[in-house]
Amino acid sequence: MGPFQLTAEFGTWISYLVPLLIGMGFGAALEMSGFGDSRKLAAQFYFKDITVLRVMFTAIVVASLLIGLSSAIGLIDFDALFVNPTYLAPQIVGGVIMGIGFIIGGFCPGTSLVAASTFKIDGLFFVLGATFGIFLFGETVSSFEGFYNSTFLGRFTLPELFGVDAGIVLIGVVFMALFMFLGGEMLEDVFGKKVPADKLRFYPKKPMAWAFGGILITIAFVTAFVGQPDAKRLWELKAAELGPKMADRSVYVHPMEVAELTQNTGVYVKILDLRPQYHYNLFYLRNSVNVTMDQLEDPDYIKSLKALPANTVIFTVSTDDEVAAIGWQMLVAQGVPNVYIIEGGVNNWMSIFTPPPCLAYPKKGERKAEEPAFVFHRAVGDCCNTAYPEIRHKEKPTDCHLESFSQDAAAHSEAGEKKPEAPIVKFERKVKLERKAAVQGGCS
């Protein structure tokens with residue numbers, strides 16, 4: 001499933017060669033389309049030559065459709081692609097400035113390099129000016145850094161804005177592009193070719209244009225019909241790649257390692273508790289949050305998890321670890337990084353960090369999967385040492401928090417004053433922080 005990590009999968013030389021070939025093809029296409037001629041580029045703003053509009057809109061629409069369709073049928077993981085983060089206000093201002101510069105200079109940064117590569121004088125001077133502008137920006141950005149980083153929306157796309165499937169947005173984009181093609185041709189006829197109004201045609205002139213438009217519309221509707229994959233379908237698509245991690249249990253982390261990480265100031269630990277709320281209210285790990293499976297399919301919630309700092313480790317936990325494993329599948333399938341499962345769930349946790357008998361006792365007899373192994377006398381939440389072993393995870397829990405001082409509690413507290421060391425537990429450390437870089441590309 002794409003995109004491919006070229007260096008990891010094919011080696012260093014291939015990772016150099018592929019971008020080089022793509023860049024050569026892209027540059028050649030721009031030059032053949034006339035993007036190295038500032039007169040042709042500027043003419044679009046006067047509606048005299050819309051070649052630039054045709055080429056760029058065609059590229060945008062075709063790329064959008066291929067990405068959308070590939071994502072819908074599982075050929076590519078859209079979450080692994082880089083999408084420029086949105087800083088709304090500064091990007092609007094930057095767009096206005098760039099537009100003014102485009103009209104005056106006749107180039108955008110990318111097309112100026114195309115012109116400079118063929119030694120056009122205006123292109124060379126534009127590149128020099130752009131380089132000097134970059135230098136000035138770097139020297140002065142600190143004076144308006146607040147505005148430069150304002151109105152941050154993160155990775156924000158049109159489907160998220162409108163709350164619809166990407167295929168619906170693609171249908172709108174295709175019809176908008178076709179309208180722009182037709183409208184642009186009419187404007188070119190009026191302002192460039194001086195065609196009289198009574199001879200204008202309000203439909204495409206060439207049969208190929210009809211065929212091309214029909215293909216675009218068909219692909220857009222197919223993409224919308226198939227729809228973007230949800231968490232369950234994403235896991236089915238990625239099971240061959242991610243499934244072995246569950247089979248060899250490399251993502252099942254021992255509770256003692258979790259306890260150590262919670263006291264590591266260089267790591268931010270987030271625990272997602274997938275148990276029913278009434279089990280969670282009886283006892284839960286300190287700083288854990290109770291979430292449902294529905295939340296793990298909520299795009300906004302997934303987005304919030306992806307926005308966590310790069311040093312974040314996310315753990316899923318349930319009563320045992322069967323439900324937690326399903327939660328892990330849903331998270332990693334949607335591209336959430338650094339997700340692990342607490343091995344054995346809360347039951348295993350409590351067998352290692354055993355609560356005092358005044359709070360809970362082991363359940364006797366056989367029990368079903370995901371059934372609590374301990375019976376609590378009352379709801380304790382996280383008000384016992386078992387819930388926060390990051391404070392002293394090598395000592396036996398001694399905190400009873402009882403309103404009435406029973407004989408058993410007195411004996412337990414007396415023993416607790418000696419603070420006996422817990423048995424040493426041997427385990428394999430498995431957490432490895434990984435920062436998954438999204439594949440990115442394109443021109444400015």
Item checked: Candidates D300, D294, D273 - the one that is crowded, with 20+ Cβ neighbours inside 10 Å, of a type in the set (D, E, K, R) and either out of contact with any Cys (no Cβ under 9 Å at 6 or more places or on another chain) or at pLDDT 95 or above (or both) -> D273
Notebook entry, point to check: So which residues in the stretch 160-172 are in a helix (DSSP H, G or I) and more than 12 Å from G68 (Cα to Cα)?
Noted result: E160, L161, F162, G172
Next item on the list: Go through the stretch 348-381 and give me each residue that's touching a Phe, Trp or Tyr at 6+ places or on another chain (Cβ under 8 Å) and assigned to a helix (DSSP H, G or I).
Entry: M350
Notebook entry, point to check: Taking the stretch 65-118 as the region of interest, how many residues are surrounded by 16 or more Cβ atoms within 10 Å (Cβ to Cβ) and small (G, A, S)?
Noted result: 12
Item checked: Of all residues in the stretch 3-15 being surrounded by 12 or more Cβ atoms within 10 Å (Cβ to Cβ) and not β-branched (V, I, T), the one that is nearest to the chain's Cα centre (by Cα) -> P3
Note to self: Go through the stretch 60-93 and report how many residues are of a type in the set (A, V, I, L, M) and within 18 Å of the chain's Cα centre (by Cα).
What the structure shows: 7
Next item on the list: Answer with yes or no whether G154 is on the phi > 0 side of the Ramachandran plot and not aromatic (F, W, Y).
Entry: yes
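Residues are listed down the side, and each one gets a yes or a no for (1) modelled with pLDDT under 90; (2) under 21 Å from L187 (Cα atoms); (3) in the same structural domain as A240 (by TED's automatic domain parsing):
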{"site": "F10", "(1), (2), (3)": "yes, no, no"}
{"site": "G34", "(1), (2), (3)": "yes, yes, no"}
{"site": "Y46", "(1), (2), (3)": "yes, yes, no"}
{"site": "G68", "(1), (2), (3)": "no, no, no"}
{"site": "P85", "(1), (2), (3)": "no, no, no"}
Notebook entry, point to check: Applying the selection to the stretch 213-263, what residues are assigned to a loop (DSSP other than H, G, I, E, B), modelled with pLDDT of 90 or more and among the polar types (S, T, N, Q)?
Noted result: Q228, S250
Notebook entry, point to check: Restricting the search to the stretch 16-50, which residues are free of Cβ contacts under 8 Å to residues at least 60 places away in the same chain, hydroxyl-bearing (S, T, Y), in a helix (DSSP H, G or I) and surrounded by 15 or more Cβ atoms within 10 Å (Cβ to Cβ)?
Noted result: none
Next item on the list: Pick out the one residue from V313, V317, V332, V346 that is crowded, with 22+ Cβ neighbours inside 10 Å, more than 30 Å from I76 (Cβ to Cβ), in contact (Cβ under 8 Å) with a residue 24 or more places away in the chain and under 24 Å from the mean Cα position of the chain (by Cα).
Entry: V317
Check: What about L182, is it without any contact (Cβ under 8 Å) to a residue 24 or more places away in the chain and either among the aromatic types (F, W, Y) or surrounded by 15 or more Cβ atoms within 10 Å (Cβ to Cβ) (or both)?
Finding: yes
Next item on the list: Say whether the condition of being acidic (D, E), assigned by TED's automatic domain parsing to the domain that holds P85 and under 30 Å from Y301 (Cβ atoms) is met by at least one residue in the stretch 118-129.
Entry: no
Next item on the list: Could you tell me whether the stretch 129-137 includes any residue that is in contact with a helix residue (DSSP H, G or I) (Cβ under 8 Å, 6 or more places away or on another chain) and closer than 26 Å to L53 by Cα?
Entry: yes
Item checked: Search result, residues across the stretch 288-308 that are part of a loop (DSSP other than H, G, I, E, B) and under 25 Å from D382 (Cα atoms) -> V291, T292, M293, D294, L308
Margin query: Among the numbered criteria (1) over 28 Å from the mean Cα position of the chain (by Cα); (2) touching a residue at least 12 places away in the same chain (Cβ under 8 Å), which one does L153 miss?
Written below: (1)
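The values are calculated or read from the model by the stated rules, or taken from the named source; none is laboratory data. Keep in mind that this is a model prediction, so the values were computed, not measured. Quick reminder, even Gly has a Cβ in these numbers, built from the backbone with ideal geometry, and neighbours come from all protein chains shown.
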